[in-house]
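Shown next, in C-alpha cells, is the structure this report addresses.
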Amino acid sequence: MISRIWHGWTTLANADAYEALLRAEIFVGIENRHIPGFRRIQLLRRPNGPEVEFITIMEFDSIEAVRQFAGDDYEVAVVPPNARAILARFDARSQHYEIRIGAT
C-alpha cells in the first residue's frame, strides 16, 4: 500500500470555502474516476496562526495506481484551478510512503 501526502494552506477567511470545495467537488470527482487501486482519501485540518493547514492523505494499492491518478510524474500535485484560487500556497509535489503497518 502507498500513502500519498500533500499539504495546502489557506487564509482563515477562506478555510471553510476550501473545505466545502474539497467535500462537494474535488473528493467526489476523485471517487467518481473509479481509479483501480485507489482505496480512500482523508482530510486533516489545523489552524496555524493566520493560516489554516490542510493535509490530504490518499491510499493506493501501488505506485501504478498513483500514476493512474496523477500521471507519469506521479509526485506532481494535482490541484484543480478552483482550488488554486482559494489556496494561499501548497506543495508543488506530493510525498509517497510505503505503508508498512496499518491498523484496522
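We did not get these values from a lab; they are worked out from the coordinates using the rules stated. Keep in mind the model is a prediction, meaning the values are calculated, not measured. Note: ideal-geometry Cβ built from the backbone for every residue, glycine included; neighbour counts use all protein chains shown.
Output needed: percent of Cα pairs per 10 Å distance bin for the chain, bins running from 0 to the one holding the longest distance.
15, 48, 31, 7
Given labels modelled 7 Å from the Cα in the Cβ direction, how far is it in nm from Arg46 to Val76?
Here the answer is 2.9 nm between the modelled labels.
If the label point is 7 Å along Cα→Cβ of Val28, which residues in segment 62-104 have backbone nitrogen under 15 Å from it?
Counting only backbone N, you get no residues.
Among the GluC sites (Glu not before Pro) in segment 34-104, which ones are in a DSSP loop with at most 13 other Cβ atoms within 10 Å of the Cβ? Mind listing them?
Nothing satisfies the criteria.
Mind listing the long-range amide H neighbours of Arg39? Cut-off is under 5 Å, sequence gap 5 or more, other chains count too, H placed in the peptide plane at 1.01 Å from N.
The answer is Glu59, Phe60, Asp61.
Tell me the angle of helix 12-21 to the major Cα principal axis of the chain, expressed in degrees between 0 and 90 and rounded to the nearest ten.
40
Taking 0.36 nm per intervening residue step and subtracting the Cα-Cα distance, what contour gain separates Ala13 from Arg39 on full extension?
Net length gain for the segment: 6.2 nm.
Scan the chain and report its longest stretch carrying no trypsin sites (Lys or Arg not before Pro) that are both in a DSSP loop and have at most 16 other Cβ atoms within 10 Å.
34-99
Given Cβ point charges of +1 (Lys, Arg) and -1 (Asp, Glu) and nothing else, what value in debye, to the nearest 20, does the dipole of segment 2-98 about its Cα centre take?
So the magnitude is around 180 debye.
Taking K and R as +1 and D and E as -1, what net charge do the other residues with C-beta under 13 Å from the C-beta of Phe69 add up to?
Charge balance near Phe69 sits at -2.
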